[in-house]
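Working notes, structure below.
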Amino acid sequence: MSDNRSASKIRLQTVDDLTTMFFDASRDDVISVTTLNRMARDLLERGLPPVWIGGEISNLTLAASGHGYFSLKDGSAQIRCVLFRHKRAQLGFNLAEGMQVELRGTVTLYEARGDYQITVDTMRQAGLGRLYEAFEKLKAKLAAEGLFDESGKRPLPPHPRTIGIVTSPAAAALRDVVSTLKRRMPSIQLILYPTPVQGDGSARQIEAAIRAASARREIDVLIVCRGGGSIEDLWSFNEECVARAIADSPVPVVSGVGHETDFTIADFVADRRAPTPTAAAELVSPSREQLQNTLEMTRRHLYRALARQLTDKSQQLDFLARRLVHPGERLARQRAKLAEAQSRLLRQGREMIIRRQWALDLTRARLLRRMPEPREHANRLANAAAALERAMHGITDSRANHLARLAGTLEALNPDAVLARGYAIVENGAGHAVLAPNELQEGETVTLRLAQGSTHAVVHHPAGVQPELPF
């Protein structure tokens with residue numbers, strides 16, 4: 001009741017808001033159908049939060065676009081629903097007419113036709129809500145304990161000798177696993193740990209089978225599998241006891257429960273998850289055909305490698321055989337080499353002596369050409385001395401004649417010689433020779449330098465003759 005009152009309060013507030021938004025209620029405004037439908041849509045989407053609704057699917061239409069259209073009804077009412085393609089792909093089951101479902105969606109209105117409908121966000125089959133809640137709760141618990149951590153996952157053996165299978169002997173999954181293993185690797189031994197895989201008490205029996213396989217230590221890897229089914233059919237593999245048995249197993253465990261879209265707690269705890277039982281068998285077993293192909297390829301590579309190595313060794317043997325010589329033949333070759341070396345040594349010695357003799361002769365000839373002749377050099381020295389003496393006499397006579405000529409010239413120019421012929425030199429008071437009468441003043445005293453002494457005289461110009469002044 002409190003939820004209904006709260007929803008009514010939200011609706012009333014939303015109506016007032018929408019009325020104020022689109023028109024003034026105090027006036028007789030006329031609105032269009034589009035405006036009315038938009039108001040109704042906003043009213044529904046804002047006034048009602050997403051809700052869970054349960055009912056029966058009817059009038060189901062799956063469009064080519066992938067969208068689903070249907071009505072959800074109960075005993076007295078129905079509502080149109082639309083499930084878009086991307087949401088439909090996430091369901092994990094196919095829609096069917098008359099299916100009881102629980103869906104979560106937003107109440108809205110399709111404006112083009114004025115249809116009141118629900119846009120579906122997610123959907124589950126009716127009665128699964130409790131199971132999904134338990135599934136998520138256990139999943140979160142085990143994840144928090146680290147049972148899902150990749151660091152704890154064990155690697156699968158590449159070539160197992162014995163494989164254990166935990167499933168029902170009557171299950172089709174067992175036939176799929178056995179046929180796959182026989183096809184891929186028939187030499188692998190199989191050990192079945194039979195147990196029911198659905199129904200009351202099956203979870204405990206699955207746990208017991210897993211723990212028995214772990215305790216006996218007779219297998220290399222364990223497959224826990226069953227075929228597809230509803231969540232109720234697969235629920236035994238969502239029990240905590242099964243999850244902990246898988247986590248405690250000392251051998252690697254592969255989970256192959258249901259189909260590719262089915263996920264169980266066992267899938268998360270197991271060391272590897274396979275989408276199907278057949279895929280689980282393929283995960284744990286090597287392919288005989290692939291191994292044979294690998295073996296054949298390895299054989300060919302080995303054959304080529306051995307052939308190549310044999311060829312290389314044969315060539316190496318031939319090379320070594322050519323190098324292998326009989327000791328007598330080797331001694332003969334060594335004697336031949338020694339004789340050849342001796343002959344070459346003698347030949348080189350003779351050639352060296354000849355070269356040295358030739359060099360000595362050449363040096364002797366050059367020395368002889370350069371050695372002086374005493375008699376010849378004595379004659380040359382006497383001739384040179386005579387020539388030098390003649391040259392010295394010639395130079396002395398030439399220098400004496402030249403000196404006599406210079407002495408005669410000097411004697412001719414000597415003023416004393418002129419004075420000896422009766423001439424005199426007149427000198428003024430400054431001691432300078434007087435050359436002209438105009439250089440003397442009337443009554444000036446002059447000196448007369450004669451050949452045998454000097455005397456003084458007073459200048460007297462003749463009457464009527466005046467000396468010309470120098471200026």
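The values are calculated or read from the model by the stated rules, or taken from the named source; none is laboratory data. Note that the structure is predicted; figures quoted are calculated from it, not measured. We place every Cβ from the backbone using ideal geometry, glycine too, and count neighbours over all the protein chains shown.
If we keep just the residues of segment 84-99 that are surrounded by 14 or more Cβ atoms within 10 Å (Cβ to Cβ) and within 19 Å of Lys73 (Cβ to Cβ), which is farthest from the chain's Cα centre (by Cα)? Walk me through how you get there before you give the answer.
From segment 84-99, those surrounded by 14 or more Cβ atoms within 10 Å (Cβ to Cβ) are 84, 87-88, 91, 93, 95, 99; that's our starting set.
Within this subset, residues satisfying the condition of being within 19 Å of Lys73 (Cβ to Cβ) are 95, 99.
Values: Leu95: 54, Met99: 60 Å.
Checking each candidate, the answer is Met99.
Could you check, for segment 211-224, whether at least one of its residues is surrounded by fewer than 16 Cβ atoms within 10 Å (Cβ to Cβ), more than 18 Å from Leu142 (Cα to Cα) and free of Cβ contacts under 8 Å to residues at least 12 places away in the same chain? First the steps, then the outcome.
So in segment 211-224, the residues surrounded by fewer than 16 Cβ atoms within 10 Å (Cβ to Cβ) come out as 212, 215-218.
Next cut, more than 18 Å from Leu142 (Cα to Cα) only: 212, 215-218.
Still in the running and free of Cβ contacts under 8 Å to residues at least 12 places away in the same chain: 215-216.
Looking for residues that are surrounded by fewer than 16 Cβ atoms within 10 Å (Cβ to Cβ), more than 18 Å from Leu142 (Cα to Cα) and free of Cβ contacts under 8 Å to residues at least 12 places away in the same chain, one finds at least one in segment 211-224, hence yes.
On the basis of being without any contact (Cβ under 8 Å) to a residue 60 or more places away in the chain, surrounded by 11 or more Cβ atoms within 10 Å (Cβ to Cβ) and more than 30 Å from Glu133 (Cα to Cα), does Thr311 make the cut? Step through it out loud before you land on a result.
On the way: without any contact (Cβ under 8 Å) to a residue 60 or more places away in the chain: yes; surrounded by 11 or more Cβ atoms within 10 Å (Cβ to Cβ): no; more than 30 Å from Glu133 (Cα to Cα): yes.
No; evaluated as a whole, the condition is false for this residue.
Does segment 107-117 contain at least one residue that is free of Cβ contacts under 8 Å to residues at least 60 places away in the same chain and closer than 27 Å to Trp235 by Cβ?
No, the conditions are met nowhere in segment 107-117.
Here is a yes/no grid of residues against (1) farther than 30 Å from Ser32 by Cα; (2) at pLDDT 90 or above; (3) of a type in the set (A, V, I, L, M):
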{"site": "Asp121", "(1), (2), (3)": "yes, yes, no"}
{"site": "Gly127", "(1), (2), (3)": "yes, no, no"}
{"site": "Leu131", "(1), (2), (3)": "yes, no, yes"}
{"site": "Ala134", "(1), (2), (3)": "yes, no, yes"}
{"site": "Gly152", "(1), (2), (3)": "yes, no, no"}
{"site": "Pro158", "(1), (2), (3)": "yes, yes, no"}
{"site": "Ala171", "(1), (2), (3)": "yes, no, yes"}
{"site": "Asp176", "(1), (2), (3)": "yes, yes, no"}
{"site": "Ala208", "(1), (2), (3)": "yes, yes, yes"}
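Within segment 369-415, restricting attention to residues that are surrounded by 10 or more Cβ atoms within 10 Å (Cβ to Cβ) and of a type in the set (Asp, Glu), which residue is farthest from Val446 (Cα to Cα)?
Glu389
Kindly provide the set of residues from segment 322-340 that are among the hydrophobic types (A, V, I, L, M, F, W, C) and surrounded by 10 or more Cβ atoms within 10 Å (Cβ to Cβ), ordered by number.
The initial filter retains those residues of segment 322-340 that are among the hydrophobic types (A, V, I, L, M, F, W, C), namely 324-325, 331-332, 336, 338-339.
Once the filter is applied, which keeps residues that are among the hydrophobic types (A, V, I, L, M, F, W, C) and surrounded by 10 or more Cβ atoms within 10 Å (Cβ to Cβ), segment 322-340 yields Val325, Leu331, Ala332, Ala336, Leu338, Ala339.
Residues to consider are Leu362, Leu381, Leu367, Leu406; find the one that is closer than 30 Å to Ser454 by Cα and part of a helix (DSSP H, G or I). So that I can check it myself, show each step before the final result.
Numbers: Leu362 fails: closer than 30 Å to Ser454 by Cα; Leu381 fails: closer than 30 Å to Ser454 by Cα; Leu367 fails: closer than 30 Å to Ser454 by Cα.
Answer to the selection: Leu406.
If you scan segment 158-190, which residues turn out to be in contact with a strand residue (DSSP E or B) (Cβ under 6 Å, 6 or more places away or on another chain) and not hydrophobic (A, V, I, L, M, F, W, C)?
Passing the criteria: Pro160, Thr162, Gly164, Thr167, Pro169, Gln189.
Since Asn401 meets every condition but one in (1) under 30 Å from His460 (Cα atoms); (2) part of a helix (DSSP H, G or I), which condition does it not meet?
(1)
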